[in-house]
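In what follows, a single structure is set out as structure tokens and then discussed.
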């Protein structure tokens, strides 16, 4: 009878495997049999048949970890690639790019060089300038839409993460309870939990450990807890304390306080891909676009200020208008800080702003020393004197003022938001005579276009990147950088997908259901069942014979 029971359990288990062959997350099961204790007689030990010890999952932890590792990388890279491709496509659009607009603007300057006394020539230059700054503003708006989309996706991803961690904690409780009833593993619940961990891992890279009671502990980053048994730590999407416009990720403690997680700890999965894209590509795009507008505006204005307008007077207004650098104070600050662009000394218009970089800065004060850090390369300047720190800031093109308090920290963004408000000075646009096309030396301004010529020549002068690149060179380098990052992300995604497929195939070879193997098992258990039934039939016949004696 024991053989029939074991064969029947085998048939049921095999049938269950076949039925769930296409079920997502299902792990193949098999019965584990053992011999019953023998009974010792005078003739020796007589076997008492078999029993099913357990129904186990064909689960390989090492292979599963390989799949999870590759899976979270694929998800991160795919997210990064899908986001950066949008910037790449925008920059690759020759009709909507900045380069042709800049070329049209400098062509417009040449008409003023040729006929400086004609108002129509000056109006053409202004019109070309307005078209160009509109292009900057439009590109900024598209980047701003991407940033808003990233913030929204971060928030929704965090909501999904919390949903999965709650379900995992709930399954932990059910698994503990089910195992306590008869000491057997709750295979279907274990499959469901592993499936949830896999889905969670697609959103953010997680690691797991298993307690002695069978429950999972789930961690993120460098060991920050998400699930400990049946207890969940809620992940929160919140405004950064350093920049309220920026959505970051934190963990809510037992008392309700939220601790922000450094972005370097949130890796892998969709969330890691979004954060990597924002810090490595989107922030760079904002700053590079702003650097283009900043370098052009400040350098052009500096040269423009050296000329004379149509009436022979020094210009009353800059040609371009840009905003001052943005300063963002940490929410806990009690002091103040502001930044302005440095005014160049006379006759230094074409090279004074070459050291303006596409980088954010951080100023902190600990009560003794001020530290100014350039975040693109972590170059730092430390001094106990605010005036000395300001001198260092001025070498970067901006000047600081204010009174930071001890413990304060400020983020300085010289270029990020510049393109948003980049414009032709309203007074110049309203009165083209104000364009300083003439040179200052002995000129009435009416027929002199020599300063306009110098303004036009700025196109071919190395006025950016420390005096090593022109405006267009800098923009081309920016376009190439985004293009290279996009191509690299695509290649990395394809390579990681191949690794994932290999790892998944290796896992499925152990855990997946193979129709042919299960069909062979059915025949095996069918024959075992029939053989055991035959034994019972013979035993019954012998017993009947004995009774008839």
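Could you list, in sequence order, the residues of segment 503-513 that are in contact (Cβ under 8 Å) with a residue 24 or more places away in the chain and loosely packed, with under 15 Cβ neighbours inside 10 Å?
510
Among the candidates 160, 148, single out the residue that is free of Cβ contacts under 8 Å to residues at least 12 places away in the same chain, under 25 Å from the mean Cα position of the chain (by Cα) and either closer than 27 Å to residue 70 by Cα or surrounded by fewer than 18 Cβ atoms within 10 Å (Cβ to Cβ) (or both).
Of 160, 148, the one residue that is free of Cβ contacts under 8 Å to residues at least 12 places away in the same chain, under 25 Å from the mean Cα position of the chain (by Cα) and either closer than 27 Å to residue 70 by Cα or surrounded by fewer than 18 Cβ atoms within 10 Å (Cβ to Cβ) (or both) is 148.
Any residue at all in segment 445-457 that's surrounded by fewer than 16 Cβ atoms within 10 Å (Cβ to Cβ), under 37 Å from the mean Cα position of the chain (by Cα) and more than 14 Å from residue 308 (Cα to Cα)?
No, segment 445-457 contains no residue that is surrounded by fewer than 16 Cβ atoms within 10 Å (Cβ to Cβ), under 37 Å from the mean Cα position of the chain (by Cα) and more than 14 Å from residue 308 (Cα to Cα).
In segment 167-191, which residues are within 30 Å of residue 276 (Cα to Cα) and out of contact with any strand residue (DSSP E or B) (no Cβ under 6 Å at 6 or more places or on another chain)?
Scanning segment 167-191 gives a single hit, 167.
Report the residue count in segment 176-204 for those that are outside any helix (DSSP H, G or I) and under 26 Å from the mean Cα position of the chain (by Cα).
Residues meeting the conditions: 1.
I'd like the full set of residues that are closer than 30 Å to residue 281 by Cα and crowded, with 22+ Cβ neighbours inside 10 Å, limited to segment 111-138.
Within segment 111-138, 129, 132, 133, 136 qualify.
When both residues are 6+ apart or on different chains and their Cβ atoms are under 9 Å apart, which pairs have a first residue that lies in segment 307-319 and is under 21 Å from residue 127 (Cβ atoms), and a second that is assigned to a strand (DSSP E or B)?
From segment 307-319, the pairs are 307/438; 307/439; 309/438; 310/438; 315/307; 315/308; 319/424.
The rows are residues; the columns are (1) closer than 30 Å to residue 475 by Cβ; (2) in a loop (DSSP other than H, G, I, E, B).
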| residue | (1), (2) |
| --- | --- |
| 4 | no, no |
| 13 | no, no |
| 16 | no, no |
| 25 | no, yes |
| 33 | no, no |
| 81 | yes, no |
| 85 | yes, no |
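Picking from 469, 503, 509, which residue would you name as being modelled with pLDDT under 95 and either within 21 Å of residue 66 (Cα to Cα) or over 43 Å from the mean Cα position of the chain (by Cα) (or both)?
Answer to the check: 509.
Quick one: in segment 359-386, which of the residues that are under 16 Å from residue 339 (Cα atoms) and not in a strand (DSSP E or B) is farthest from the chain's Cα centre (by Cα)?
Within segment 359-386, the match that is farthest from the chain's Cα centre (by Cα) is 386.
Quick one: which strands (runs of 3 or more DSSP E) sit completely within segment 230-297 and have at least 2 residues that are buried (at least 18 other Cβ atoms within 10 Å of the Cβ) and either in contact with a helix residue (DSSP H, G or I) (Cβ under 7 Å, 6 or more places away or on another chain) or modelled with pLDDT under 95 (or both)?
Of the strands (runs of 3 or more DSSP E) lying wholly inside segment 230-297, those with at least 2 residues that are buried (at least 18 other Cβ atoms within 10 Å of the Cβ) and either in contact with a helix residue (DSSP H, G or I) (Cβ under 7 Å, 6 or more places away or on another chain) or modelled with pLDDT under 95 (or both) span 235-239, 247-252.
Can you tell me which of 213, 107, 201, 217 is touching a residue at least 12 places away in the same chain (Cβ under 8 Å) and touching a strand residue (DSSP E or B) at 6+ places or on another chain (Cβ under 7 Å)?
It is 217.
When you go through 20, 60 one by one, which is the residue that is modelled with pLDDT of 90 or more, under 40 Å from the mean Cα position of the chain (by Cα), more than 18 Å from residue 520 (Cα to Cα) and surrounded by 14 or more Cβ atoms within 10 Å (Cβ to Cβ)?
It is 60.
Working only within segment 218-229, note down all residues that are out of contact with any helix residue (DSSP H, G or I) (no Cβ under 9 Å at 6 or more places or on another chain) and either outside any strand (DSSP E or B) or within 23 Å of residue 411 (Cα to Cα) (or both).
223
The values are calculated or read from the model by the stated rules, or taken from the named source; none is laboratory data. A quick note: this is a predicted structure, and the numbers were derived from the prediction, not measured. Glycine gets a Cβ as well: all are built from the backbone with ideal geometry, and neighbour counts include every protein chain shown.
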